[in-house]
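In what follows, a single structure is set out as structure tokens and then discussed.
The values are calculated or read from the model by the stated rules, or taken from the named source; none is laboratory data. Quick caveat, the model's predicted, so the values are computed rather than measured. Positions of Cβ are backbone-derived with ideal geometry, glycine not excepted, and every protein chain shown enters the neighbour counts. We work out accessible area using only protein heavy atoms, side chains counted, and drop any ligands, DNA or RNA first. Shrake-Rupley method; radii C 1.70, N 1.55, O 1.52, S 1.80 Å.
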Number of protein chains: 2
Amino acid sequence: MNALEELTESFSRLPGIGKKSAARIAIHILKTDESFAQNLAQQLLTLHERIHPCPICGAYTEKDTCDICTDPLRDRSLLCVVEQPQDVQTIEASREFHGLFHVLGGVIAPLEGIGPEQLSFNSLIERVKNENIQEVIIATNPTIEGDTTALYAQKLLSELHVNVSRLASGLPVGGDLEYADKLTLQRSFRGRISLGS
Amino acid sequence: MNALEELTESFSRLPGIGKKSAARIAIHILKTDESFAQNLAQQLLTLHERIHPCPICGAYTEKDTCDICTDPLRDRSLLCVVEQPQDVQTIEASREFHGLFHVLGGVIAPLEGIGPEQLSFNSLIERVKNENIQEVIIATNPTIEGDTTALYAQKLLSELHVNVSRLASGLPVGGDLEYADKLTLQRSFRGRISLGS
């Protein structure tokens, strides 16, 4: 394999990049100014060293404690529980939530051998006990595993005198009834919102 | 920007990778063993240094002269003219052609200010004059620019007593008449092949 084929092979191992796209990307990089390749290489070399999970919430950060956990303007009575560190960025981008986060690090998935003890439920309980949290919003994905995990979290938290809620599930904005799947439609009926009488 | 955002930004500048895919790729790399990132970085750092165009045909190679130009088993009476270095790899993958290549380095595109003098027509003429070439197969893309370039090459070569041909254009194998565009259908009619009478 020459250098171009080696690079193509590496790119084709990334998610969502097939063999043809990988070849196109490798050639694009070869044709682009060398500084782009050097810069990308530098970013790759330092990525693991610079980024680590926040010891409090589990979100990705470059600092000792992440920007959200240390921000005095965040609402410290609200805690949003998510599956993955990247979910924090997604929710932050919506600008809808101004509380704190807690990353579980995955979902309960018995078939893959992942039980509650591998997720950060212990630290979740500790935080709810010790910090002045009024409401826990469970934002796991609307999947079977996400639902199971939400249910488990709800049970754990029910003993702690804290409000627990879950993100609404239903029709996506801009979507079309025609293209909604059965389960989504069921949930949008069950979670319907009264517009007054 | 933190390291993850910087890497996402770089990936989103590659062809065919949007912002969401770039974020997904960056997180995948962060979660994957560090050796993958280190290896990819090394490949990027050495790419431009290792790969250069073959001085004879213009294909990408790591050697002084490319493997095809130096292969004693190739048919040296056949020369395939392509637009880009990567076209050589595409044709090689088909295992249909066993002659030599000549990379033009692009197509004649007056609107982009690319005339014949910016392409390697001079060395093409020299090769046809000095090497024992019997047939030149023009394999530029079936686009307006590719057609113009093929026509120009044909004119240049017409004075040199060499057979000139062009790759057939028509319906792609496995395709469907219903989805063929008008121009492709026109070409497949004009280039129809007699099955006997």
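Structure notes:
- Think of each Lys and Arg Cβ as +1 and each Asp and Glu Cβ as -1; about the Cα centre, that makes the dipole of the protein assembly as shown roughly 940 debye.
- Descending Cα extents along the principal axes, segment B:3-50, whole Å: 31, 25, 16
- Sulfur and carbon atoms: percent of accessible area, the protein assembly as shown [1.4 Å]: 53
- For residue A:132, the point set 7 Å out from Cα toward Cβ sits 9.4 nm from its twins in the other copies, listed from shortest up.
- Averaged over the residues of B:2-14, the number of partner chain Cβ atoms lying within 10 Å of the residue Cβ comes to 6.
- Alpha carbon centroid spacing (whole Å) that separates segment A:138-172 from segment A:67-109: 14
- Distances in nm from residue B:116 to the matching label points in the other copies, shortest first (labels 7 Å along Cα to Cβ): 7.9
- Helical mean residue ellipticity (222 nm; -39500 (n - 2.57) per DSSP H run of 4+; nearest 500) of the protein assembly as shown: -13000 deg cm²/dmol
- Sequence-ordered 3J(HN,Hα) estimates for segment B:121-134 from the Karplus curve with 6.51, -1.76 and 1.60 and θ = phi - 60° stand at 6, 4, 6, 4, 4, 4, 5, 5, 6, 9, 8, 8, 8, 9 Hz, glycine and proline given as x.
- Set A:129/A:155; A:20/B:19; A:19/B:31; B:20/B:182; A:155/B:31 screened for pairs whose C-alpha atoms are more than 24 Å apart: B:20/B:182; A:155/B:31
- Per the Debye calculation on segment B:50-128 with a single equal scatterer at every Cα and no solvent contribution, log₁₀ I(q)/I(0) for q = 0.13, 0.16, 0.26 Å⁻¹ amounts to -0.40, -0.59, -1.34.
- Residues whose amide H lies under 5 Å from that of residue A:80, counting only those 5 or more places away or on a different chain, are A:100, A:101, A:102, A:137; hydrogens are built 1.01 Å from N in the peptide plane.
- Among A:94, A:169, A:158, the largest mean-square fluctuation in a Gaussian network model of chain A (Cα springs under 10 Å) belongs to A:94.
- Residue B:151 paired with residue B:114, simple spin-label distance in nm, labels 7 Å along Cα-to-beta-carbon: 1.8
- For the residues A:19, A:129, A:63, a GNM of chain A with alpha-carbon springs under 10 Å puts the largest fluctuation on A:19.
- Under Karplus coefficients 6.51, -1.76 and 1.60, residue-wise ³J(HN,Hα) of segment B:142-148 in Hz, glycine/proline x: x, 10, 4, 5, x, 5, 4
- Dipole of segment A:3-50 computed with +1 at Lys/Arg Cβ and -1 at Asp/Glu Cβ about the Cα centre; of A:22, A:36, A:10, farthest Cα towards the positive end is A:22.
- 3J(HN,Hα) couplings calculated from phi for segment A:22-38 with the Karplus curve 6.51 cos²θ - 1.76 cosθ + 1.60 (θ = phi - 60°) are, in sequence order, 4, 5, 5, 5, 4, 5, 4, 5, 4, 7, 7, 3, 4, 4, 5, 4, 5 Hz; Gly and Pro show x.
- Local net charge near residue A:99, Cβ-Cβ under 9 Å (Lys/Arg +1, Asp/Glu -1): 0
- Per residue, the protein assembly as shown exposes 60 Å² of solvent-accessible protein surface, assessed with a 1.4 angstrom probe and all protein chains in place.
- Among A:154, A:38, A:89, residue whose mean-square fluctuation peaks in a GNM of chain A (springs only between Cα atoms under 10 Å): A:38
- P(r) tail, segment B:1-156: Cα-Cα pairs separated by more than 27 Å, 42% of all pairs.
- Placed amide H near residue B:114: partners under 5 Å, 5+ positions off or other chain: B:109
- Using C-alpha pairs under 8 Å with a sequence gap of at least 6, the mean separation divided by the residue count of segment B:1-135 gives a relative contact order of 16 percent.
- Dipole of the protein assembly as shown computed with +1 at Lys/Arg Cβ and -1 at Asp/Glu Cβ about the Cα centre; of B:183, B:165, B:123, farthest Cα towards the positive end is B:183.
- Accessible area buried between chains A and B, both sides summed, probe 1.4 Å, in Å² to nearest 100: 4400
- Normalised convex hull volume, the protein assembly as shown, alpha-carbon set, Å³ per residue: 253
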